[in-house]
Amino acid sequence: MTNPFENPEAEYLVLVNEEKQYSLWPKFAEVPAGWTTVHANDRASCIEYINSNWTEMRPHSLVQQMNATA
């Protein structure tokens with residue numbers, strides 16, 4: 001059995017959650033609760049999208065908390 005997250009010929013989704021964390025997801029799989037689709041294409045395009053848009057690795061709530069106490 002092959003890993004559905006590593007098939008370069010499959011279609012993928014880029015998901016994002018409320019914490020602004022990103023995930024590469026196979027298009028055939030149901031999107032988990034709490035996640036929203038923000039991009040769909042081939043694996044390379046989705047990885048490029050994630051690399052371009054997920055620039056803050058800290059969860060959004062932590063960033064907000066740190067900014068509020070700064």
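The values are calculated or read from the model by the stated rules, or taken from the named source; none is laboratory data. It should be emphasised that the depicted structure is a prediction, and the values quoted were computed from it without experimental measurement. Glycine gets a Cβ as well: all are built from the backbone with ideal geometry, and neighbour counts include every protein chain shown.
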Scan region 41-62 and give yes if some residue there is surrounded by 15 or more Cβ atoms within 10 Å (Cβ to Cβ) and of a type in the set (Gly, Ala, Ser), otherwise no.
no
Only residues in region 24-37 that are at positive phi count as the first member; pair them with residues that are at pLDDT 95 or above and outside any strand (DSSP E or B), Cβ under 8 angstrom, at least 6 apart or cross-chain, and list the lot.
Gly34/Glu18
Of the residues in region 24-37, those that are more than 18 Å from Glu9 (Cα to Cα) and surrounded by 14 or more Cβ atoms within 10 Å (Cβ to Cβ) come to Trp35
Out of all the residues in region 1-18, which are more than 11 Å from the chain's Cα centre (by Cα) and surrounded by 12 or more Cβ atoms within 10 Å (Cβ to Cβ)?
Pro4, Phe5, Asn7, Ala10, Glu11
